[in-house]
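Quick notes on the structure that follows.
Values in this text are rule-based calculations from the coordinates and carry no lab data. Just so it is clear, the model here is predicted, and its values are computed rather than measured. Positions of Cβ are generated from backbone atoms using ideal geometry, with glycine treated the same way; all protein chains shown enter the neighbour counts.
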Amino acid sequence: MIRIEFEEPNVEICNCCNNEIIKLTRFVYKDEDAFAIYFLKFTKGHDEKVVTGIISIGDWGTNDEPKNRFAFPFRLWTDENDYQVGLIDKEESPWKQEILGSILDRKEALEHPWIDEVFHITDHIVDEDKTVIDYFFD
Ligand SMILES: [Zn+2]
């Protein structure tokens, strides 16, 4: 059972077009244990409607250095009325923070034993993260 804690969005202004850049931080609990966090980012008004994100899974209940923590960068877009999720390489991730754990390239991510958890969380994002849903469908 997954539960997402939603924080207020951070808003910045895009240098190229003065549109709003929305940055989201979410905490994910699995059976009430701190299990993962994810960051999302998108710019309103750009031609390409895409959300960039990263999901970091592992040991979020502890303040210790994250040893068994892995991060999966991805993009989210829509095709007709369906959401599409595509993993991306570490280099394409706007987030590099050490706290996220080891950031995986697309190929490593797809072979990682936790990849199902990643897609489980992205399923919840497109289902429950209202800021994202509004961005794509408003
Ligand atoms: Zn812009």
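Which of the residues belonging to segment 68-94 are in a loop (DSSP other than H, G, I, E, B) and over 19 Å from His46 (Cβ atoms)?
Filtering segment 68-94 down to residues in a loop (DSSP other than H, G, I, E, B) leaves 68-69, 80-81, 88-89, 93-94.
Asn68, Arg69, Glu80, Asn81, Asp89 - these are the residues of segment 68-94 that are in a loop (DSSP other than H, G, I, E, B) and over 19 Å from His46 (Cβ atoms).
With the requirement that a residue be of a type in the set (A, V, I, L, M, F, W, C) and either exposed (fewer than 14 other Cβ atoms within 10 Å of the Cβ) or farther than 20 Å from Phe136 by Cβ (or both), what does segment 86-96 give you?
Initially, segment 86-96 is screened for residues of a type in the set (A, V, I, L, M, F, W, C), giving 87-88, 95.
Residue satisfying the conditions is Trp95 alone.
I'd like to check something: does segment 20-40 contain any residue that is acidic (Asp, Glu), within 16 Å of the ligand (Cβ to nearest atom) and either touching a helix residue (DSSP H, G or I) at 6+ places or on another chain (Cβ under 9 Å) or over 24 Å from Arg106 (Cβ atoms) (or both)? Reasoning before the result, please.
Quick first cut of segment 20-40, residues acidic (Asp, Glu) only: 20, 31-33.
Remaining after also requiring within 16 Å of the ligand (Cβ to nearest atom): 20.
Now restrict to residues that are either touching a helix residue (DSSP H, G or I) at 6+ places or on another chain (Cβ under 9 Å) or over 24 Å from Arg106 (Cβ atoms) (or both): 20.
Checked segment 20-40: at least one residue is acidic (Asp, Glu), within 16 Å of the ligand (Cβ to nearest atom) and either touching a helix residue (DSSP H, G or I) at 6+ places or on another chain (Cβ under 9 Å) or over 24 Å from Arg106 (Cβ atoms) (or both).
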- Query: Listed residues Ile103, Ile22; which is touching a residue at least 40 places away in the same chain (Cβ under 8 Å), farther than 18 Å from Phe119 by Cβ and in contact with a strand residue (DSSP E or B) (Cβ under 8 Å, 6 or more places away or on another chain)?
  - Reply: Ile22
- Note on the structure: For Tyr83, the lone unmet condition from (1) touching a Leu at 6+ places or on another chain (Cβ under 7 Å); (2) of a type outside the set (S, T, N, Q); (3) closer than 17 Å to Ala109 by Cβ; (4) surrounded by fewer than 20 Cβ atoms within 10 Å (Cβ to Cβ) is (3)
- Somewhere in segment 57-80, is a residue over 20 Å from Ile115 (Cα atoms) and among the hydrophobic types (A, V, I, L, M, F, W, C)? no
- Please state which of the following conditions Thr78 fails to meet, knowing it meets all the rest: (1) more than 16 Å from the ligand (Cβ to nearest atom); (2) among the polar types (S, T, N, Q); (3) within 13 Å of the chain's Cα centre (by Cα). (3)
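Working only within segment 95-115, note down all residues that are part of a strand (DSSP E or B) and either closer than 14 Å to Leu40 by Cα or of a type in the set (Val, Ile, Thr) (or both). I'd like the intermediate steps shown before the answer.
Here is the first cut: in segment 95-115, the ones part of a strand (DSSP E or B) are 102-103.
Passing the criteria: only Ile103.
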- In this structure, is Asp47 within 16 Å of the ligand (Cβ to nearest atom) and of a type in the set (D, E, K, R)? yes
